[in-house]
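J.: Please read through the structure below; I'll follow up with questions.
Read the figures in this text as sums done on the coordinates, not as results from a lab. Given the structure is predicted, the values throughout are model-derived calculations rather than measurements. Cβ: placed from backbone, ideal geometry, glycine included. Neighbour counts: every protein chain shown.
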Amino acid sequence: MIRHIVMWKFREEEQQRRRQFLDGLAGLYGVIPEIRHMEIREDIAGGANFDAVLVADFDSLEALKTYKEDPRHKAVAAICKEIRTARAAVDYEL
């Protein structure tokens, strides 16, 4: 099992598109079959280094790759690329 964690910092003026991105990302769960588990959370402390986090589990690195290459994921990711100022990610084996 592979855990995929991604954190983002968004531009302040992009609140509407931020919501569009996070809702779109959450909408992939149950649609892309490779996703075994997915959580998306927003920072509640305010002023933290990152604004939101994704924690998702996949059966294998190949399943993670399939998810990343899925056109539905790419469409949502394109929104993120336009509104983020920073991104950090880590994948590890459970």
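J.: Straight-line reach from residue 68: which aspartates and glutamates fall under 15 Å, measuring Cα to Cα and dropping same-chain residues less than 8 apart?
T.: 34, 57, 59, 91
J.: Quick one: 3J(HN,Hα) in Hz for the range 86-94, Karplus 6.51/-1.76/1.60 with θ = phi - 60°, rounded, Gly and Pro as x.
T.: 8, 8, 9, 9, 8, 10, 8, 8, 8
J.: Follow-up question, since we're still on this one. Select from 94, 24, 6 the residue farthest towards the positive end of the dipole of the chain; place +1 on Cβ of Lys and Arg, -1 on Cβ of Asp and Glu, and compute about the Cα centre.
T.: Most positive-ward Cα: 24.
J.: 222 nm [θ] for the chain, helices only, -39500 (n - 2.57) per DSSP H run of 4+, per residue, to 500? Could you put the intermediate results ahead of the total?
T.: Numbers: 3 runs with 34 residues, N = 94.
Per the formula, -11000 deg cm²/dmol.
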